[in-house]
Structures are given as structure tokens and as C-alpha cells.
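Visitor: Pasting a structure here, questions to come.
Nothing in this text is a laboratory measurement; each read-out follows from the coordinates by a stated rule. What you see is a predicted model, and the numbers here were worked out from it, not measured in a lab. Ideal geometry is used to build each Cβ from the backbone, glycine not excepted, and the neighbour counts take in all protein chains shown.
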Amino acid sequence: MKKDRIVHQVVIIGSGPAGHTAALYAARATLKPLVFKGSAPNLPGGQLMLTSDVENYPGFPDGLLGPALMEKFEAQAVRFGAEMREENIVKVNFANRPFIVVTENGEEVFSKTVIIATGANAKLLGIAKEKELMASGAGVSACATCDGAFYKNVDVAVVGGGDTAMEEALFLTRYANFVTVIHRREEFRASKIMVERAQKNPKIKWQLNKVVDSLIVEKKPPRNQEALVGLMIKDANSDVLTTLSVDGLFVAIGHQPNTELFTGILPLDAKGYITTKNQSAKTDIPGVFACGDVQDSVYRQAVTAAGSGCMAAIDAERYLEHLG
């Protein structure tokens, strides 16, 4: 090994709740973690950077903005010695030790352990105003558990035909007047029991063989901000357009874990998520750990991501202790 080569104890790829919590715990263990937060088009800070109001994170009874929460996460990790770099990792080599991660500028960075916290992105419809309304919390969401409580006593819609869409629709009936499920076919990918449960709920309506063509937006007080007031629905067979008045649209067509970098290197499950071992953050490669939404297709909450980031840091610390 070259004398001038710096070998880090911990390198963390990703900077959402999982990555920052891993950085905090690793830093408090005096491991001086190096965090690659990502840069455009990736999103430093994770999906919470697209979330306006966060009201379900413990310790903040009045709620706060998603970006503000991530700033607090990062500041706490930095306070204990974590180093942050706003760069993407474009290549990894886990075959050799120390491990090598390569930045977008071509720099090779060496580390004894790597924690992967690259997250997952909700699949969106790709229509105008969708991302803007999601970022401002003005009518579009990809998480009923996160945002359902903001839609009390109004009509909302859910797009999708899988188990997630049925679960989202059923959850939203706790708050909304009515929930309309929009699906491009008559058949569902969802399990039969989930479809039957949704069909039996009197607060759920159906728009089958339909797709969302566009969003209907108006400026609303008190901030004169653009907000969703309806959808333009297109018949998948006839292309006939109709309108649907709703105050909320929940997109439930799946999530895409950010695992392209690790395809063929680490085992992925059928949905493309990194598999971890025995309820830990350990992957099949000793010294490589995964946490947060990149390995969690079930809960996908900031608090569970943070918890798994803690697990990853503790697993990495114990691994390094084992190395001596």
C-alpha cells in the first residue's frame, strides 16, 4: 500500500435520514466518516428535500419543513466530526480491500467499510406541475402515511393498481371524504384480498381503464399559491377526456431504489432493493452495509430510515473492532 494513500474508516454514500444518522453514530464513535451527499441530478438530503411539512418525526410537535429537518440531521453529524462532500459516486470496487469508491471527478477514495444509503425515488407520472406541487405540498404526494392527515374532509385520488395503491386508498379513507382509485386497466396487480377489501369500502370510488392526462391547478389563498383542484382523466381505450375534482393526488405506482451502482456487485431482491442479512444492515460482502430506503421496500419512513442508519453505523463499528 502506498504511504500517501488515505484509507478512511467509514465512507457513506447518500445523505437522507439513513445516511446522516449513520454519519452521526459513526462520528460519535470517532470513526471520522466521509459522507458523499450526492449532487444534481441526485438529491442531497433524500426525498425529504421534496417534502414541505413533516409532522410525524418524533421530537418536533409543531412539525417542520423537510429540508430544515435534513439540515438539522447534517449539522448534528458534522458537529461530531463527519465530513460532507456534495459529490456523486459513480463506481465502486468491493472486490479489493480496502474498498474503492470513485467520484464523478474520477477520484479514487479508499475505505475499510462502506455504508450505502442511496435511497429510493417514487415513480411519478411525468406530467406538468407534478414535481412542483409535490415539493410545495400543494396537492400531490407519493406517501399517504406521510401526508394523508393534510387531506381531512376533502376528495382525493390514488393512481395505481398494486397492493401499495390499495393500501394507500384504504389508509386515506380515514381522512378524506372519498378516495377515487385511478387505474389504467380493469385487472389489478394487487392481491385479491387487498382489492376486495378496497372494493368493500364505501368511501372508495373507481376509475378503471383511465389515466391521468394532466393536473388542474388554481392559485389559492392565503399565499396565492398554486394548488391542485382537479384532474383531467383520459379513457385508455377511447381517449375521451373527463374532469375529476380532487384536492389531493397520491401517486402509488411504485418506487425505484437507487441501486444501479451496485447491480451485479451486491445481491438485489426482485424489486431491485439491496438485501441485508438477519435483520441487520450487513450485506453479503463483509464490511459493506446498507440502510434506509435502498434496502427497505416496506416502511419507507424517515424515522425507520434513521433507525436503520444507526444500525449500519453500529454494525460498521463492530466490524472494524473485529478487524482490530
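Visitor: For Val54, what residues show an amide H to amide H distance below 5 Å, using hydrogens built from the backbone and excluding near sequence neighbours?
Guide: Excluding prolines and chain starts, which carry no amide H, the hits are Leu64, Leu65, Gly66.
Visitor: Then there is this: Would you kindly work out the equivalent ellipsoid of the chain from its C-alpha gyration tensor and give its semi-axes, the square roots of five times the eigenvalues, largest first in whole Å? Could you put the intermediate results ahead of the total?
Guide: Working: eigenvalues 317, 84, 60 Å².
Calculated on Cα positions only, the semi-axes equal 40, 20, 17 Å.
Visitor: Among all the lysines, which ones have a C-alpha under 19 Å from Lys200's C-alpha, if same-chain residues fewer than 8 places away are not counted?
Guide: Excluding near neighbours in sequence, the set is Lys192.
Visitor: So, R0 is 51 Å and r is the distance between the beta-carbons of Asp239 and Glu196; what FRET efficiency does that work out to, to 0.05?
Guide: So, using R0 = 51 Å, E works out to roughly 0.95.
Visitor: Highest GNM mean-square fluctuation, the chain, Cα pairs closer than 10 Å: which of Asp247, Asp53, Asp62?
Guide: Asp62
Visitor: So if I place +1 on the C-beta of Lys and Arg and -1 on the C-beta of Asp and Glu, and nothing else carries charge, what would the dipole magnitude of the chain be about its Cα centre? I want it in debye, nearest 20.
Guide: Value, rounded to 20: 440 debye.
Visitor: Have a look at Ala270, Ala18, Ala252 and tell me which one the Gaussian network model of the chain (Cα, springs below 10 Å) gives the largest fluctuation.
Guide: Residue with maximal mean-square fluctuation among Ala270, Ala18, Ala252: Ala270.
Visitor: For Ile216, what residues show an amide H to amide H distance below 5 Å, using hydrogens built from the backbone and excluding near sequence neighbours?
Guide: For Ile216, the qualifying residues are Val229, Gly230, Leu231, Met232.
Visitor: Can you compute the FRET efficiency between Ala68 and Ala149 using 1/(1 + (r/R0)^6), with r the Cβ-Cβ distance and R0 = 22 Å? Round to the nearest 0.05.
Guide: 0.70
Visitor: Below 8 Å between Cα atoms, with a sequence gap of 6+, how large is the relative contact order for the chain in percent?
Guide: Taking the mean separation of contacting Cα pairs over the length of the chain, I get 20 percent.
Visitor: So, one more: Nearest 500 deg cm²/dmol is fine: what mean residue ellipticity at 222 nm does the chain get from its DSSP H runs of n ≥ 4 alone, each adding -39,500 (n - 2.57), divided by its residue count?
Guide: Working: 7 runs with 77 residues, N = 324.
Computed mean residue ellipticity for the chain: -7000 deg cm²/dmol.
Visitor: Could you give me D for segment 97-138, from Stokes-Einstein at 10 °C and 1.306 mPa s, where the hydrodynamic radius is the Kirkwood radius over C-alpha pairs? Units µm² s⁻¹, please.
Guide: My calculation gives 114 µm²/s for D.
Visitor: Glu86 versus Lys131, label points 7 Å from Cα toward the beta carbon: distance in nm?
Guide: Result: 1.7 nm between the two label points.
Visitor: Now for a different question. Let me check the size of segment 163-314 from its C-alpha atoms; what are the radius of gyration and Dmax in Å?
Guide: Calculated on Cα positions, Rg and Dmax stand at 19.7, 57 Å.
Visitor: What length, rounded to one decimal in nm, is gained on full extension from Asn93 through to Leu124, with 0.36 nm per residue of separation minus their alpha-carbon distance?
Guide: So the chain would gain 8.0 nm between Asn93 and Leu124.
Visitor: Same structure, new question: What's the extension gain from Glu187 to Ile6 if we count 0.36 nm per residue and subtract their Cα-Cα distance?
Guide: Full extension of this stretch gives 59.6 nm more.
Visitor: From the phi of every residue in segment 28-34, what ³J(HN,Hα) in whole Hz does the Karplus formula 6.51 cos²θ - 1.76 cosθ + 1.60 yield, where θ is phi - 60° and glycine or proline is x?
Guide: Computed from phi, the couplings for segment 28-34 are 5, 8, 6, 9, 6, x, 9 Hz.
Visitor: Do the alpha carbons of any pairs in Lys32/Lys72; Lys129/Lys219; Lys152/Lys203; Lys152/Lys205; Lys123/Lys220 sit beyond 24 Å of each other, and which pairs?
Guide: Lys123/Lys220
Visitor: List the residues whose amide H sits under 5 Å from the amide H of Gly254, counting only those 5 or more places along or on another chain, with H placed 1.01 Å from N in the peptide plane.
Guide: Here the answer is Lys123, since their amide H atoms fall under 5 Å of that of Gly254.
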